[in-house]
1. Regarding Arg274, is this residue under 30 Å from the mean Cα position of the chain (by Cα) and touching a residue at least 12 places away in the same chain (Cβ under 8 Å)?
2. Over 15 Å from Ala139 (Cα atoms) and in contact with an Asp or Glu (Cβ under 7 Å, 6 or more places away or on another chain): does that describe Leu200?
3. Within segment 182-194, is there a residue that is over 20 Å from Ala140 (Cα atoms), under 18 Å from the mean Cα position of the chain (by Cα), assigned to a loop (DSSP other than H, G, I, E, B) and not hydroxyl-bearing (Ser, Thr, Tyr)?
4. Quick one: in segment 31-45, of everything that is free of Cβ contacts under 8 Å to residues at least 60 places away in the same chain and assigned to a helix (DSSP H, G or I), which residue is surrounded by the fewest Cβ atoms within 10 Å (Cβ to Cβ)?
5. For the structure I just gave you, tell me whether Lys70 is charged (D, E, K, R), in contact (Cβ under 8 Å) with a residue 24 or more places away in the chain and in the same structural domain as Ser152 (by TED's automatic domain parsing).
6. Counting only residues that are under 14 Å from Ala69 (Cα atoms) and of a type in the set (A, V, I, L, M, F, W, C), how many does segment 27-58 have?
7. Name the one entry in Ala97, Ala69, Ala92 that is over 26 Å from the mean Cα position of the chain (by Cα), crowded, with 19+ Cβ neighbours inside 10 Å and hydrophobic (A, V, I, L, M, F, W, C).
8. Residues that are surrounded by fewer than 22 Cβ atoms within 10 Å (Cβ to Cβ), out of contact with any Pro (no Cβ under 9 Å at 6 or more places or on another chain) and either more than 27 Å from Lys427 (Cα to Cα) or not assigned by TED's automatic domain parsing to the domain that holds Leu295 (or both): does segment 311-324 have at least one?
Amino acid sequence: MNYITFETLTRHQTHTNRLRICLGDELCSWMLKSEARKELGLETPRIPTDKGSLVVLFKRSERLEGCIAKGYGLPFIWRQSGDPSNSRAPQAMIEKANRIKSFLGSSYANWWVDLHISATGISLRNLEMEVESAAVPLAAGLLLANNEGQPSPFVLSTGAINEEKYIDTVDGYEEKLLAVDTLIPVGESDRFFYVPSADLSIARKAAKNLGSTVTIKAFEVNNPFNRVMGSLLIDMDQKPLPSASFETHRLYANRPHIVFSPTRSSYYKKYLVRTIGEKVPKPPELRNATVQKLLLPVSLRPDNTFLSLAIHRPEAVNFVVSNSSRKQLDKVSEFASSLGIKSITHKLVPIEDEAVQVSTIQDLQQWLEGAPQEGRVVDFTPGTREMLAVVVAAGIASQAHLVYVRHSMVPETNRIEFGTEELAVFKFSTR
């Protein structure tokens, strides 16, 4: 094993060919200046995107100069298999990784960090490095890998994590931004660089001075790192291709950091809800029946409304809306039309500021009774408690099937876990 040290780098730092022999082509492509790479005929490295991979950005040590870049990145990877004692990462990086694991808890204990290059005969284990700013990319890489995510090649980060588990400031932004511009080519995609909140203005000033077009983003504050890294993980996590399997899309949408994403609802509507609707088994009462009329509330966040439509696919639907939720009518009506539902109407129930009229319930009852009893369904999964009272009252009066969707929750977030839905019938007894 060739153990790289600072003494080795210092001795060869002005000689590209000697560095090539010492470091090998892969490490040279990461650490050398662009002109030195060209001299050796090496390509600019590409950020790895396999599970567990990450890139840490470094400011060149004051002890080094010559062919080595002012700012450069090095690739690492979190592994679950193999022997941790064989890690080729710098010892300080290994210790930093172990501290990150201890912060996150015992469920991360079997992960270990390694240098991510194929030249197995080269190790940085004995290379003394300052790795405080490696904490955030290490933590992000581990959190993403543990949830089966694959990192994007267009997102990098930096930041320390202090003993209180909060993201802390770092330095070397000019050098790190030079590395970002080298590693993420302009024009291929939006480029993101995440920094501690306290460093945001410093990083943006450095980017302006360098003429860098990378987008600088900051983490939230006032919470431990594992609670404020959601935006970074969302940007890091590569979305599945549209042609990916339903299960791939489902797993992506259920990752804890995606659960809080404002785009989760549109992603669900685009890739999941139709298939989930087809997969949800019907209870015996509805198994052989065609839903001719469906009475369905519309809530402010209409995911459950979409799901009910996809499950029942009725011949006609009557949306119950409030003054607030009727702004969602266009969305749910468009979705209903896309499912082939031809009769779409709605009833306004102004529950926010006045009593519900008995005539409103009677109107809904009469609408339901326009279909045979076995074809009348009231789904009260969506909506507010007031909406629930209105549609259930109309359903009972018309002797319709009263149904709702139940599901499991994503444990870390207590949000709906897509793909666990099942339809239940609400029954009454005279006893």
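1. Working: under 30 Å from the mean Cα position of the chain (by Cα): yes; touching a residue at least 12 places away in the same chain (Cβ under 8 Å): yes.
It is true that Arg274 is under 30 Å from the mean Cα position of the chain (by Cα) and touching a residue at least 12 places away in the same chain (Cβ under 8 Å).
2. no
3. Within segment 182-194, not a single residue is over 20 Å from Ala140 (Cα atoms), under 18 Å from the mean Cα position of the chain (by Cα), assigned to a loop (DSSP other than H, G, I, E, B) and not hydroxyl-bearing (Ser, Thr, Tyr).
4. Going through segment 31-45, the residues free of Cβ contacts under 8 Å to residues at least 60 places away in the same chain turn out to be 31-33, 35-43.
After this cut, where a residue has to be assigned to a helix (DSSP H, G or I) as well, the list is 31, 35-40.
Working: Met31: 22, Glu35: 10, Ala36: 21, Arg37: 22, Lys38: 13, Glu39: 14, Leu40: 15.
Restricting to residues being free of Cβ contacts under 8 Å to residues at least 60 places away in the same chain and assigned to a helix (DSSP H, G or I), the top hit is Glu35.
5. Details: charged (D, E, K, R): yes; in contact (Cβ under 8 Å) with a residue 24 or more places away in the chain: yes; in the same structural domain as Ser152 (by TED's automatic domain parsing): yes.
Yes.
6. Final tally of qualifying residues: 8.
7. Values: Ala97 fails: over 26 Å from the mean Cα position of the chain (by Cα); Ala92 fails: crowded, with 19+ Cβ neighbours inside 10 Å.
Of Ala97, Ala69, Ala92, the one residue that is over 26 Å from the mean Cα position of the chain (by Cα), crowded, with 19+ Cβ neighbours inside 10 Å and hydrophobic (A, V, I, L, M, F, W, C) is Ala69.
8. Within segment 311-324 (the criterion being surrounded by fewer than 22 Cβ atoms within 10 Å (Cβ to Cβ), out of contact with any Pro (no Cβ under 9 Å at 6 or more places or on another chain) and either more than 27 Å from Lys427 (Cα to Cα) or not assigned by TED's automatic domain parsing to the domain that holds Leu295 (or both)), the answer is yes, since at least one residue qualifies.
The values are calculated or read from the model by the stated rules, or taken from the named source; none is laboratory data. Since the structure is predicted, the reported quantities are computational estimates derived from the model, not experimental observations. Positions of Cβ are generated from backbone atoms using ideal geometry, with glycine treated the same way; all protein chains shown enter the neighbour counts.
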